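One structure is given below, encoded as structure tokens.
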Amino acid sequence: MELRQLIYFIEVAKREHVTHAADELHVAQSAISRQISLLEAELGVSLFWREGRNVRLTPIGRVFLEHAEKVVLEIDKAKQRMQEFLDPDNGTVRLGFSTGLSVQTFSSLLAQFREKHPGLDYQFVQGTPGYLIRLIENGELELALASPVPDDHPGVSGEILYMEKLMLLFRRDHPLSGQEMIRLAQLKNERFITFREGFSIREILFSACRKSGFEPAIAFEGEDMETIKGLVASGTGVAILPEPALLFNLSEEIVKAEISDVELMRPVGVMIPKKREMAASEKALYAFLTSFYDRLNRFQR
């Protein structure tokens with residue numbers, strides 16, 4: 001079975017006329033008729049009923065058409081993917097973001113990258129780091145920003161790009177309001193608003209509190225940063241969030257402070273496949289990412 005046989009078959013099936021299909025494909029009518037006959041002989045079925053100059057699909061022909069169209073479509077997509085793979089300025093880049101990640105600096109980075117590669121399209125995927133790792137393992141994703149990043153995964157490589165400081169948030173009328181530096185032990189009777197299990201900020205919070213001698217009481221667990229801010233503003237509890245996330249959409253009812261006795265930092269990095277080559281466009285974005293944050297880190301030192 002040859003690709004051209006499938007293409008001839010699909011065109012004849014759509015037009016129900018061999019001559020019209022031949023005109024559209026710019027090939028001889030006899031060539032089309034011969035290739036379809038060879039295809040029918042190989043399959044052992046009649047795909048068309050012949051009615052003079054016209055043809056009509058048989059029931060089994062309709063079944064075969066459905067599969068033939070899928071095969072040709074997948075081959076066309078594969079060809080397109082190969083062209084994109086070799087050309088960094090064309091194609092679609094799929095990029096993952098772990099839930100709970102503050103991406104304010106990335107918006108500036110992406111704007112700069114778009115200027116250099118205006119022909120690229122983008123698809124964004126959000127989920128937990130574990131979910132993004134599974135997508136990379138399955139070949140559905142090549143590049144993802146996440147926290148934390150794996151350091152010993154067999155199929156996914158992780159590289160830390162920068163460190164984020166975590167700040168304490170509480171309502172303006174809180175008894176600790178006005179203090180810019182707060183010891184974590186002062187919060188042992190507080191109720192915390194945080195991310196659900198599996199998120200790095202929650203793990204950092206629990207670890208730090210236990211080192212300070214108490215188990216944090218949880219008022220709410222979620223996965224949306226804006227929801228956490230809103231609940232802090234309502235007085236439901238206190239929270240720790242990345243410092244960059246506090247530059248935007250922060251209610252006037254919220255004040256922030258730094259934890260003085262425990263260093264609350266979280267790593268943010270990029271994940272890529274270990275055993276699979278990325279497309280040229282994705283390689284370009286990965287190189288741009290690492291270079292951008294390297295320059296940013298050197299500037300901030």
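The values are calculated or read from the model by the stated rules, or taken from the named source; none is laboratory data. The structure presented is a predicted model; accordingly, all values stated were derived computationally and were not measured. Neighbour counts are summed over all protein chains in view; Cβ atoms, including those assigned to glycine, are modelled from backbone coordinates with ideal geometry. Note: areas computed on protein heavy atoms with side chains; ligands, DNA, RNA excluded. Shrake-Rupley method; radii C 1.70, N 1.55, O 1.52, S 1.80 Å.
Okay, residues lined up against (1) assigned to a strand (DSSP E or B); (2) more than 16 Å from I259 (Cβ to Cβ):
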residue: L161; (1), (2): yes, yes
residue: E164; (1), (2): yes, no
residue: M167; (1), (2): yes, no
residue: L176; (1), (2): no, no
residue: A185; (1), (2): no, no
residue: E197; (1), (2): no, yes
residue: R202; (1), (2): no, no
residue: S207; (1), (2): no, no
residue: R210; (1), (2): no, no
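Only one of (1) under 26 Å from R295 (Cβ atoms); (2) open to solvent by less than 60 Å² (accessible area, probe 1.4 Å); (3) touching a Pro at 6+ places or on another chain (Cβ under 9 Å) is not met by L145, so which one is it?
Only one criterion in (1) under 26 Å from R295 (Cβ atoms); (2) open to solvent by less than 60 Å² (accessible area, probe 1.4 Å); (3) touching a Pro at 6+ places or on another chain (Cβ under 9 Å) is unmet by L145, namely (3).
Out of the residues in segment 94-134 that are within 24 Å of K165 (Cα to Cα) and of a type in the set (V, I, T), which is farthest from the chain's Cα centre (by Cα)?
Looking at the filtered set, the residue picked out is T105.
Is there a residue being without any contact (Cβ under 8 Å) to a residue 24 or more places away in the chain, open to solvent by less than 60 Å² (accessible area, probe 1.4 Å) and either under 20 Å from L73 (Cα atoms) or not charged (D, E, K, R) (or both) anywhere in segment 12-21?
At the first step, the residues of segment 12-21 found to be without any contact (Cβ under 8 Å) to a residue 24 or more places away in the chain are 14-15, 20-21.
From what's left, open to solvent by less than 60 Å² (accessible area, probe 1.4 Å): 21.
From what is left, the residues that are either under 20 Å from L73 (Cα atoms) or not charged (D, E, K, R) (or both) are 21.
Yes.
If the Cβ limit is 9 Å and pairs must be 6+ apart or interchain, which residue in segment 56-85 that is more than 15 Å from E11 (Cβ to Cβ) pairs with which residue that is open to solvent by 50 Å² or more (accessible area, probe 1.4 Å) and not in a helix (DSSP H, G or I)?
Listed by first residue and then by second, the contacts come to T58/V45; T58/S46; T58/W49; I60/V45; I60/S46; Q83/N90; E84/N90; F85/E277.
Which one of E263, E221, E226 is more than 24 Å from the chain's Cα centre (by Cα) and of a type in the set (D, E)?
Going through E263, E221, E226 in turn, the sole match is E263.
List every residue pair whose Cβ atoms lie under 7 Å apart, where the two residues are 6 or more positions apart in sequence or sit on different chains, the first residue falls within segment 109-133 and is part of a helix (DSSP H, G or I), and the second residue, located anywhere, is surrounded by 13 or more Cβ atoms within 10 Å (Cβ to Cβ) and of a type in the set (F, W, Y).
So the pair list comes out as L109/F292; F113/F288.
Scanning segment 263-290 for residues that are assigned to a loop (DSSP other than H, G, I, E, B) and buried (at least 16 other Cβ atoms within 10 Å of the Cβ), which turns out modelled with the highest pLDDT?
Keep residues of segment 263-290 that are assigned to a loop (DSSP other than H, G, I, E, B), which gives 263-264, 274-279.
Narrowing the set further to residues that are buried (at least 16 other Cβ atoms within 10 Å of the Cβ) leaves 264, 278-279.
Values: L264: 92, M278: 85, A279: 84.
Here the answer is L264.
This table checks each residue for (1) within 17 Å of R191 (Cα to Cα); (2) open to solvent by 30 Å² or more (accessible area, probe 1.4 Å); (3) not in a helix (DSSP H, G or I).
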| residue | (1), (2), (3) |
| --- | --- |
| G213 | yes, yes, yes |
| E226 | no, yes, no |
| V232 | yes, no, no |
| N249 | no, yes, yes |
| E258 | no, yes, yes |
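Residue pairs, Cβ under 7 Å, 6 or more apart or interchain, first in segment 23-41 and on the phi > 0 side of the Ramachandran plot, second open to solvent by 50 Å² or more (accessible area, probe 1.4 Å). List them.
No pair meets every condition.
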